[in-house]
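Contents: one structure, followed by commentary.
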Amino acid sequence: MNAVEARGVGKVFASRSGDVHALEGIDLTVAAGEFVSLIGPSGCGKSTLLRLIADLDTPTSGELTVFGKTPQQAREAQDYGIAFQQAGLLPWRTVTANVELPLELHGIGKAERATRAAELLSLVGLDEFAGHFPHQLSGGMQQRVAIARSLAERPSLLLMDEPFGALDEMTRERMQTELVRICAESGAAVVFVTHSIPEAVFLSQRVVVMSPRPGRISAVIPVNLGDERGEDLREDASFFAAVTAVREALHGTPVTARGVDLR
Amino acid sequence: MTAASVRRWAAPVVLGVVALAIWQAFVVGAGIKPYLLPSPTAIVEQLLLVVPLVWSAALATGMNVLVGLVVGAVVAILAAIVAARSRMADTLLSPTAAALSVMPIVALAPALNTMFGTTSTTPRRVVVSVVVFAPVFVNTLRGLRQVQPVHRDLLKAYAATPRQITRTVTIPGALPYLFTGLRIASSTAVIAAIVAEYFGGLQNGLGSRITSAASNSAYARAWAFVLGAILLGLVFYLATLALERAVARRQGG
């Protein structure tokens, strides 16, 4: 079964100065275990699309299913894990307690929580910081805690909204490598919002290019770089070719696309 | 202790010592009569004589402050929780809090003395509670409303129940605000407790001692009790400040 299926999904935000068409006619399928990135300039609705899948907002038109269920059912069944641009850790909880949060909310016992949190922290390489508070960690470390938290319930779908957006380039590349490894281990499908082309290419099996006003999918670029994605891939010719393909799709959008809001 | 922290402590102390020296020199040099302004040495002399009395008066007043502070804060916190949950309660409670904060509550002391009897500590504690209510209510309510959008999204994504959201995010997030409110309330609580004693009733607190010493022309002794009042205010301020800091540090502030 597909992780995400969108058919003609649209989202209109009513505002004082008139309706804002954030998304229009989105058709997208994300297969189980597939890594798909959403990329596009600010205001292209990529985050909105992610929020619709997460049921943090509701579409105003079209049909959206997550593992064959409505997004609300999927959210209530905890089918997905989520990470935002801000780590969003609770500052009064230790790293461990933050990772345990979703488990705690869903009534998992203390011992099991502790085991799982320890597992996840070693997965993201933060065993030593289990007892620390978020403010004692760097931004990259906080983001790793957030990713560990999003994996806590072994979700079959991961929703990530620019999780590395606030990190420096070096940390960012390291996190990307880790994410590729983590996803391979967990076998989860991922919908990953970003505005970095190399990031999208490095991580994804498919890159969905979006354009703004109204938010639409303008191209879908398959990235055939295989499953083994190490640091050397970043200097590989095939990597650059894919980067170029995505860049052209991004910038090659006809300028007349602007005129669309005159409709 | 580092040089910076020494300087931080030393500066106000030096200022205080200089002020006291000028005060002393002024009273002695200009031959000011003690009923106008007693000299610092005369006040300290009196203070040493009446230390046990200042201590017991400070305890009596301090107890009123503590009870009033706790009762007022608990009521304010409960009211803030109700106001944060229901819009109607908010429209009822917020104007009430605003009205209470501009009302000169201590002026109610004589009326409360009649109501509860002049041998009771209740009127003073009621005055303190009412004074404490507004700042704690306003700050706690602000804190309860300050849930970060990312936390709200996160808890929604986890399909958390309203009760779970309150317990895991709303209350811990509101705590620093609550303690800020408590710190602001603590100094006014001490002032209110002392001034409430000026209007008769039990003669066991600092306020009563100040008025009775003054009416017996024992001016230096009145000042000694004033000094006790200052110290009591300082104790409550520093205690609540320490609480506020401790909570803020836990929150990574």
**OP:** Under 13 Å from a label point 7 Å along Cα→Cβ of B:Arg245: give me every residue in the stretch B:1-28 with its amide N that close.
**Re:** B:5-6, B:8-9
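Rounded to the nearest 500, what is the 222 nm mean residue ellipticity of chain B from helices alone, with -39500 (n - 2.57) per DSSP H run of 4+ residues and division by all residues? Kindly include the intermediate steps, with their values, before the conclusion.
On the way: 11 runs with 201 residues, N = 253.
Helix contribution divided over all residues of chain B: -27000 deg cm²/dmol.
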Original post:
Hey, what do the phi angles of the stretch A:93-102 turn into as Karplus ³J(HN,Hα) couplings, whole Hz, using 6.51/-1.76/1.60 and θ = phi - 60°, x for Gly and Pro?
Top reply: 10, 5, 3, 4, 5, 5, 5, 6, 3, x
**OP:** Taking the Cα atoms of the stretch B:140-207, report the difference between the largest and smallest coordinate on each principal axis, in whole Å and largest first.
**Re:** 60, 17, 12
Original post:
Helix-derived [θ] at 222 nm for chain A: sum -39500 (n - 2.57) over DSSP H runs of at least 4, divide by residue count, nearest 500?
Top reply: -10500 deg cm²/dmol
Subject >> Under 5 Å, built H, 5+ apart or other chain: amide partners of B:Leu202 >> reply: B:Ser120
**OP:** For chain B, set up a Gaussian network in which alpha carbons nearer than 10 Å are linked by springs, and say which option among B:Gly205, B:Gly72, B:Gly29 fluctuates the most.
**Re:** B:Gly29
Original post:
How big is the gap, in Å, between the Cα center of the stretch A:89-143 and the Cα center of the stretch A:189-255?
Top reply: 32 Å
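Mind pulling the per residue volume of the convex hull built on the Cα atoms of the stretch B:43-250? Å³ is fine. Before the final figure, lay out each step's value.
Numbers: hull volume 25.4 nm³, N = 208.
In the stretch B:43-250, the Cα convex hull volume per residue is 122 Å³.
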**OP:** At 7 Å along the Cα-to-beta-carbon direction for both A:Val12 and B:Ala214, put a label point, then send me their distance in nm to one decimal.
**Re:** 7.1 nm
**OP:** Would you pull out the residues with amide H under 5 Å of A:Asp161's amide H, same chain only if 5 or more places away, H placed 1.01 Å from N?
**Re:** A:Ala83, A:Phe84, A:Gln85, A:Val193
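Please report, in debye to the nearest 20, how large the charge dipole of the protein assembly as shown is about its Cα centre when each Lys and Arg carries +1 at its beta carbon and each Asp and Glu carries -1 there.
On the way: 44 positive and 38 negative charges, 465 e Å.
That gives the protein assembly as shown a dipole magnitude of about 2240 debye.
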Original post:
Does the stretch A:89-154 come out rounded, prolate or oblate by the C-alpha gyration tensor, with a ≥ b ≥ c the root eigenvalues, rounded set by a/c under 1.5 and, if not, prolate when a/b is larger than b/c and oblate if not?
Top reply: prolate
**OP:** Tell me which residues come under 5 Å, amide H to amide H, from A:Phe35 once H is placed; ignore anything under 5 positions away on its chain.
**Re:** A:Val190, A:Gln205, A:Arg206
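Treating only the Cβ of Lys, Arg, Asp and Glu as charged (+1, +1, -1, -1), what charge dipole size does the stretch A:89-154 show about its Cα centre? Round to the nearest 20 debye. Before the final figure, lay out the partial values.
Numbers: 7 positive and 7 negative charges, 23 e Å.
Computed about the Cα centre, the dipole is about 120 debye.
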**OP:** May I ask you to derive the FRET efficiency for B:Gln146 and A:Ala32 from their Cβ-Cβ distance with R0 = 30 Å, giving the value to the nearest 0.05?
**Re:** 0.15
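In terms of the Cα gyration tensor, with a ≥ b ≥ c the square roots of its eigenvalues, is the stretch A:1-97 rounded because a/c is under 1.5, prolate because a/b exceeds b/c, or oblate? Let's see the in-between values first.
On the way: a/c = 1.81, a/b = 1.23, b/c = 1.47.
Verdict is oblate for the stretch A:1-97.
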Original post:
Taking chain B as a Gaussian network, where each spring joins two C-alpha atoms under 10 Å apart, which residue of B:Ala25, B:Ala107, B:Ala11 fluctuates the most?
Top reply: B:Ala11
Original post:
When the chain is fully extended, how far beyond the present Cα-Cα distance does A:Met170 get from A:Glu248, taking 0.36 nm per residue of separation?
Top reply: 25.5 nm
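How high is the FRET efficiency from B:Val82 to B:Ala11, r the C-beta distance, R0 45 Å, rounded to 0.05?
Numbers: r = 45 Å, r/R0 = 1.00.
The formula returns an efficiency of 0.50 here.
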Subject >> Under the Karplus curve 6.51 cos²θ - 1.76 cosθ + 1.60, θ = phi - 60°, whole-Hz ³J(HN,Hα) for the stretch B:42-58, x wherever Gly or Pro sits >> reply: 5, 5, 5, 4, 5, 4, 4, 5, 10, 3, x, 5, 4, 4, 5, 5, 5
Original post:
When chain B is modelled as a GNM with alpha-carbon springs shorter than 10 Å, which of B:Leu20, B:Leu175, B:Leu59 fluctuates the most?
Top reply: B:Leu20
Original post:
Which distance in Å, rounded to a whole number, links the C-alpha centroids of the stretch B:173-228 and the stretch B:1-74?
Top reply: 13 Å
Subject >> Dimensions in Å of the protein assembly as shown - Rg and Dmax from alpha carbons >> reply: 32.2, 98
Subject >> Using a Förster distance of 25 Å, the FRET efficiency for B:Val70-B:Thr96 (Cβ separation, nearest 0.05) >> reply: 0.75
**OP:** Give me the orientation-averaged projected area of the Cα convex hull of chain A, in nm², one decimal.
**Re:** 14.7 nm²
Original post:
Taking each residue of A:86-98 in turn, how many C-beta atoms of other protein chains fall within 10 Å of its C-beta, and what is the average?
Top reply: 4
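Every read-out reported here was derived from the displayed coordinates using simple, explicitly stated rules and does not represent laboratory data. Small disclaimer: the values here were computed from a predicted structure and weren't measured. Note: ideal-geometry Cβ built from the backbone for every residue, glycine included; neighbour counts use all protein chains shown.
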